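What follows is one structure encoded as structure tokens, with my remarks underneath.
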Amino acid sequence: MRTRPLKVALLGCGVVGSEVARIMTTHADDLANRIGAPVELAGIAVRRPDRVRAGVPAELVTTDATALVKRGDIDVVIEVIGGIEPARGLITTAFEHGASVVSANKALVAADGAALHAAAEAHGADLYYEAAVAGAIPLVRPLRESLAGDKVNRVLGIVNGTTNFILDKMDSTGAGYSEALDEATALGYAEADPTADVEGFDAAAKAAILAGIAFHTRVTIDDVHREGLTEVTAADIASAKRMGCTVKLLAICERAADGASVTARVHPAMIPLTHPLASVREAYNAVFVESDAAGQLMFYGPGAGGAPTASAVLGDLVAVCRNKLAGATGPGESAYTRLPVSPMGEVVTRYHISLDVADKPGVLAQVATIFAEHGVSIDTVRQQGKDGEASLVVVTHRAADAALSSTVGALRELDTVRGVASIMRVEGE
Ligand code: HSE
């Protein structure tokens, strides 16, 4: 084994960073044996040194992250700051000074992954980010390496633990969205500002990363259609239950049937209780990958939290250090297919539409005519009437999202349709 250590700079020492520092210390011998050289934590850059957690070596702490990555003797920079800047500038500077980078930064990779990969390649460095998607669950490396000889057609999953916790609570207790969010906040799952999770930004960033790697193309967060779960009601969940379904916030990345384009989207959807994703409870994540040769694969586990995310970071650290010792780099960006990302209107799926209508002769026929005129085929209709009004639940066969939107627009114009109570896509059948 080489005795001269590989030097590591850690940028950020919050929930994840402090776990990375702890495991690097407690597992130092195992890491050295697995890598073939010791790894030494050479510096830890933080914004607020007074907030550094117990157990983190105080003598390594600095507030000057730029000076740390510019030192010239750093082999690997671990970035767990999050957000776009200063992370992007620091990573670029790290490459310029000969370091490889391990990052957990989904927002940055989803926004600017291509430029970061190009910078890594230009400097003969590695850029690894297993921890950016679904915490501890190995997904980036299986897609990038294990499935590199196969053709992935679909990635479908629950990639945000906070929203899964909220929907699980709503499903199991009948609680409304606000009540379930309050519980998620009290238990520390949801942040004080839960926007990134509940509006689907976090899941959309992960979907962009997964789609790019799975389909060997470039997908940014701006290409991902995004709907959060703030509009999901207890009535939607109850309606899903009546259909033998539950509601999940899904990230869905698909290659078009003709192979000429891809789509990526995040939105709440009903899935049958018989689907394996329906049994993913609390804050767990799970992702289905469908490919030509392997068929269906499912990845399941903790998608967040300090130690689980640190596990993914350290796996990348070992891989990057092994590459360094071999004088090589691992796989970089693979975006050769250059497949365009189609708009949401072209996505084809099934829909559950709940309407409040007048309960009188001809209304059902009127509603059915609107669906027919827009080329959307009805699968089932359920009606419950009371005092001259009725609630009508229509489930469609597969139809394009654009056709469904114009159907709903036309339904809203009907005098006999008092309101469109909810529209939800039905997936996983
Ligand atoms: N906030 C995310 C979640 C974890 O709830 O899954 C980090 O991506």
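Laid out as a table, the results:
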| item | result |
| --- | --- |
| Single residue of the stretch 374-401 satisfying the filter (of a type in the set (Lys, Arg) and part of a strand (DSSP E or B)) that is most open to solvent (accessible area, probe 1.4 Å) | Lys386 |
| Per-region count, the stretch 343-373, residues surrounded by fewer than 17 Cβ atoms within 10 Å (Cβ to Cβ) and within 30 Å of Leu116 (Cβ to Cβ) | 2 |
| Out of Leu167, Leu143, Leu181, sole residue that is open to solvent by less than 10 Å² (accessible area, probe 1.4 Å), of a type outside the set (Ser, Thr, Tyr) and within 14 Å of the ligand (Cβ to nearest atom) | Leu167 |
| Matching option when the condition is under 23 Å from Ala328 (Cβ atoms), at pLDDT 95 or above and in the same structural domain as Ser261 (by TED's automatic domain parsing), among Gly124, Gly149, Gly98 | Gly149 |
| Pair list, Cβ under 6 Å, 6 or more apart: the stretch 294-309 residue touching a residue at least 60 places away in the same chain (Cβ under 8 Å), other residue among the acidic types (Asp, Glu) and in a loop (DSSP other than H, G, I, E, B) | Ala294/Asp150 |
| Residue under evaluation Glu282, criteria (1) within 16 Å of the ligand (Cβ to nearest atom); (2) at negative phi; (3) not assigned by TED's automatic domain parsing to the domain that holds Leu127, criterion not met | (2) |
| Whichever residue in the stretch 5-60 is touching a Lys or Arg at 6+ places or on another chain (Cβ under 7 Å) and over 17 Å from Val102 (Cα atoms) and, among such residues, is modelled with the lowest pLDDT | Gly55 |
| Residue match in the stretch 209-221 (condition: within 15 Å of the ligand (Cβ to nearest atom), within 18 Å of Gly428 (Cβ to Cβ), in a helix (DSSP H, G or I) and in contact (Cβ under 8 Å) with a residue 40 or more places away in the chain) | yes |
| The listed residue being in contact with a strand residue (DSSP E or B) (Cβ under 8 Å, 6 or more places away or on another chain) and open to solvent by less than 10 Å² (accessible area, probe 1.4 Å), out of Val155, Val219, Val198 | Val155 |
| Residue that is farthest from Val198 (Cα to Cα) [pool: residues in the stretch 222-235 that are touching a strand residue (DSSP E or B) at 6+ places or on another chain (Cβ under 6 Å) and surrounded by fewer than 23 Cβ atoms within 10 Å (Cβ to Cβ)] | Asp223 |
| Pairs where the first residue, in the stretch 188-202, is at pLDDT 95 or above and the second is near the ligand (Cβ under 7 Å from one of its atoms) and part of a loop (DSSP other than H, G, I, E, B), C-beta under 6 Å, 6+ apart | Asp197/Asn160; Asp202/Asn160 |
| Out of Ala134, Ala94, Ala118, sole residue that is open to solvent by less than 10 Å² (accessible area, probe 1.4 Å), in contact (Cβ under 8 Å) with a residue 40 or more places away in the chain and more than 16 Å from the ligand (Cβ to nearest atom) | Ala94 |
| Residues satisfying the stated conditions in the stretch 402-428, i.e. under 23 Å from Leu277 (Cβ atoms) and part of a loop (DSSP other than H, G, I, E, B) | Glu427, Gly428 |
| Residue within the stretch 251-265 that is open to solvent by 10 Å² or more (accessible area, probe 1.4 Å), modelled with pLDDT of 95 or more and under 17 Å from the mean Cα position of the chain (by Cα) present | yes |
| Unique residue being within 16 Å of the ligand (Cβ to nearest atom) and over 25 Å from Ser342 (Cβ atoms) when the list is Thr274, Thr195 | Thr195 |
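The values are calculated or read from the model by the stated rules, or taken from the named source; none is laboratory data. Just so we're clear, the structure is a prediction, and the values are computed from it rather than from any experiment. Positions of Cβ are backbone-derived with ideal geometry, glycine not excepted, and every protein chain shown enters the neighbour counts. Side chains are part of the model used for accessible areas, which takes the heavy atoms of the whole protein and leaves out ligands, DNA and RNA. Shrake-Rupley method; radii C 1.70, N 1.55, O 1.52, S 1.80 Å.
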